[in-house]
Amino acid sequence: MVITIATISASITRTDNMNCTRIPQMLLISAMLMAPFASTGFAQENEKDAKPAEPESASDIKPEDAKQAEPKLVKIPGVFEAVQSTELSVDNEHLTTLELSKIVPHGTTVKKGQPVVWFKTEDLDKQLDKAESDLKLAELAMQSEEFSYKQFLKTQELDKQAAKRARDEARNDYDHFVKTELERDIASAHQNLKSNEFSVESAEEELQQLQQMYDEDDLTEESEEIVLRRAKFTAESALFRLEDAKIRTQRSIDVLIPRTEISRKDSLDRAMMTYDRAMHDLDNARRKRDIEIANKRDELSEQRKKFTEMRAERAGVVIKAPHDGIVLHGELTRGVLPAKPVSWEPDAKVNAGQTIATLVTTGKLVIRVDLPEEHVALVTPGTQAKVVAKAFPDCKLSGKVRSVAAVPYAPGKYDCVVNVSGKHLDKIVPTMSCELQFTEPTDDQGTKE
């Protein structure tokens, strides 16, 4: 600051109405005030071109510079989550529709084995009674099927034996024809022809003898003529039969016997085909019946298994706590309670697989964080953070990042788990919210790193 003579003169002028006796005193005071400022002004003019001096201590740092040097805090919300939690639900396969009878209040602390949820049993008992009745009827029907199956197996054995006998008989008949009857038929044809030839020879010889005897006797009686005529007829008949025998013998040898052989061979082939078809049909029927009886046995076994499972499900109408913890109604999503409070009323319908409540432990806790994508580079495994519980902000808690997912589970959000420690941690229960404060490195720290 520089105070000039003009400024002082103006000041004196404005005070011209003052007492004249005070003017010399004012001039003296003005001169004394000007001396130090005049020297400072000259010093500043001489040091305009000089390099500014570095501050020698922390007290020399300007407030603006100190504010810029302060580290920036990144605040991210989180929720306290139990290390161990179990969803309480009914995983029934058969008794799927249940009616709620009672449930412990939300937030109740329970011990392992303590009942938590109760269901009504009237409808379940009706279903179980019907299933038991159906099972008994199925077992009776299966007994009848088993008896029929045994009868079927015996009938199959008899049918196979009959088919084998028919095949063997046809085979034996053909073998006997080829080995015996064929040759015998040929020999019989020849023997029949030979017999007829002999008959002709005998008749002709007898006729010749009679004719010779009657020729030697000049007188031929009437009776002798009759005998001679008969002998001639006999000879003629024998000759005719001989001719017929020749034709029949030739036909038997050339046609009938080969035809019989072909017929016997065809009968054998048909018998073998009938046997093969019978065995094929019997085998197919056996396999089909085996599959059918196996399926019915499996169905009965499944029905018995179903009934046993239904009895076990009926016994589970009371859900007990699998471990110590706090009962929270509804299903937690990433450690957070449903936005709309779950209120179970008596007679409420509960479906299989539906989460009724969640049992969370009260011991060791972690913090579940929905890490924004812009802070992924800052928050890495091992990063330290200050934890401020909203319910107990004065509790001194600290956190250390355990894991950060490599890929987002939702657009712009990464799953992050933070270990938490500190005093008075026993005041914290799962589902409580908190704030994590991470220190963002300054530019100077980033340069040093």
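The values are calculated or read from the model by the stated rules, or taken from the named source; none is laboratory data. Predicted model, so just to flag it, every value in this text is computed and none were measured. Here Cβ is always computed from backbone atoms with ideal geometry, including for glycine, and neighbour counts include all displayed protein chains.
Numbers at a glance
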| quantity | calculated |
| --- | --- |
| Test for residue 403: is it in contact (Cβ under 8 Å) with a residue 12 or more places away in the chain, over 30 Å from residue 98 (Cβ atoms) and under 35 Å from the mean Cα position of the chain (by Cα) | yes |
| Residue identified as loosely packed, with under 11 Cβ neighbours inside 10 Å, among the charged types (D, E, K, R) and not assigned by TED's automatic domain parsing to the domain that holds residue 349 among 179, 111, 164 | 179 |
| Spans of strands (runs of 3 or more DSSP E) in the stretch 334-449 with at least 2 residues hydrophobic (A, V, I, L, M, F, W, C) and under 30 Å from residue 111 (Cβ atoms) | 355-360, 365-372, 384-389, 413-422 |
| Residue 138, sole failed condition from (1) farther than 30 Å from residue 292 by Cβ; (2) surrounded by 15 or more Cβ atoms within 10 Å (Cβ to Cβ); (3) not hydroxyl-bearing (Ser, Thr, Tyr) | (1) |
| Residue 288 vs. criteria touching a His at 6+ places or on another chain (Cβ under 9 Å) and in a helix (DSSP H, G or I) | no |
| Residues within the stretch 275-294 that are more than 36 Å from the chain's Cα centre (by Cα) and surrounded by 15 or more Cβ atoms within 10 Å (Cβ to Cβ), tallied | 4 |
| Some residue of the stretch 303-314 being free of Cβ contacts under 8 Å to residues at least 60 places away in the same chain and either part of a loop (DSSP other than H, G, I, E, B) or not charged (D, E, K, R) (or both) | yes |
| Single match in 388, 420, 376 (criterion: under 26 Å from residue 87 (Cα atoms), in the same structural domain as residue 338 (by TED's automatic domain parsing) and either free of Cβ contacts under 8 Å to residues at least 24 places away in the same chain or surrounded by 13 or more Cβ atoms within 10 Å (Cβ to Cβ) (or both)) | 420 |
| Pairs with Cβ under 9 Å, 6+ apart, first in the stretch 87-99 and in the same structural domain as residue 355 (by TED's automatic domain parsing), second surrounded by 20 or more Cβ atoms within 10 Å (Cβ to Cβ) and in a loop (DSSP other than H, G, I, E, B) | 87/332; 88/321; 96/90; 98/90; 98/92 |
| Tally of residues being out of contact with any Phe, Trp or Tyr (no Cβ under 7 Å at 6 or more places or on another chain), surrounded by 13 or more Cβ atoms within 10 Å (Cβ to Cβ) and not in a loop (DSSP other than H, G, I, E, B) across the stretch 315-327 | 5 |
| Residue match in the stretch 81-88 (condition: farther than 30 Å from residue 385 by Cβ and surrounded by 13 or more Cβ atoms within 10 Å (Cβ to Cβ)) | yes |
| Condition met for residue 169 (out of contact with any strand residue (DSSP E or B) (no Cβ under 9 Å at 6 or more places or on another chain), in a helix (DSSP H, G or I) and within 30 Å of residue 265 (Cβ to Cβ)) | yes |
| Pairs, first within 14 Å of residue 176 (Cα to Cα) in the stretch 251-270, second of a type in the set (Gly, Ala, Ser) and in a helix (DSSP H, G or I), C-beta under 7 Å, six or more apart | 267/170; 268/170 |
| Yes/no for residue 146 being modelled with pLDDT of 95 or more and surrounded by 12 or more Cβ atoms within 10 Å (Cβ to Cβ) | yes |
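Condition check ((1) over 30 Å from residue 122 (Cβ atoms); (2) modelled with pLDDT of 85 or more; (3) of a type in the set (D, E, K, R)) across all residues:
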position: 50; (1), (2), (3): yes, no, no
position: 59; (1), (2), (3): yes, no, no
position: 79; (1), (2), (3): yes, yes, no
position: 99; (1), (2), (3): no, yes, yes
